[in-house]
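For reference, the structure discussed in these notes is given below.
The values are calculated or read from the model by the stated rules, or taken from the named source; none is laboratory data. Values in this document were obtained by computation on a predicted structure and should not be read as measured data. Counting neighbours? That spans all protein chains shown, and the Cβs are built from the backbone with ideal geometry, glycine included. Calculation scope for accessible area: heavy atoms of the full protein, side chains included, ligands and nucleic acids excluded. Shrake-Rupley method; radii C 1.70, N 1.55, O 1.52, S 1.80 Å.
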Amino acid sequence: MIKEIKNKLVDLIEELAKSFKYEIDSINLLTHHNPIKIQIILKSLNGNDITLDDCLSFNEPVLSAIDSSNLLNCRYVLEISS
């Protein structure tokens, strides 16, 4: 069940990242944390460095996408970095 949810989350977030001209380096779903933690590592498609502002601007769209997908019915922490 967790693997299926993670795969759907990965698909959702990767699609969103493309619209921001980002690539997802990795996504970790840490279910042993309470609340669970979703870690996203971003890369830029054009090779530029990812800035703190890039992570910040991607945060709200990811939160909205995850919440509207109804894939998670629990609390979670979202961590975006490069």
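Numerical summary
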item	result
Residue that is surrounded by 11 or more Cβ atoms within 10 Å (Cβ to Cβ), among the β-branched types (Val, Ile, Thr), touching a residue at least 40 places away in the same chain (Cβ under 8 Å) and touching a strand residue (DSSP E or B) at 6+ places or on another chain (Cβ under 9 Å), where the choices are ILE27, ILE36	ILE36
Single condition ILE2 does not satisfy, out of (1) in contact with a Ser or Thr (Cβ under 8 Å, 6 or more places away or on another chain); (2) modelled with pLDDT of 95 or more; (3) of a type in the set (A, V, I, L, M, F, W, C)	(2)
Pick from the range 56-82, criterion closer than 13 Å to LEU16 by Cα, in contact (Cβ under 8 Å) with a residue 12 or more places away in the chain and not aliphatic (A, V, I, L, M), ranking: least open to solvent (accessible area, probe 1.4 Å)	PHE58
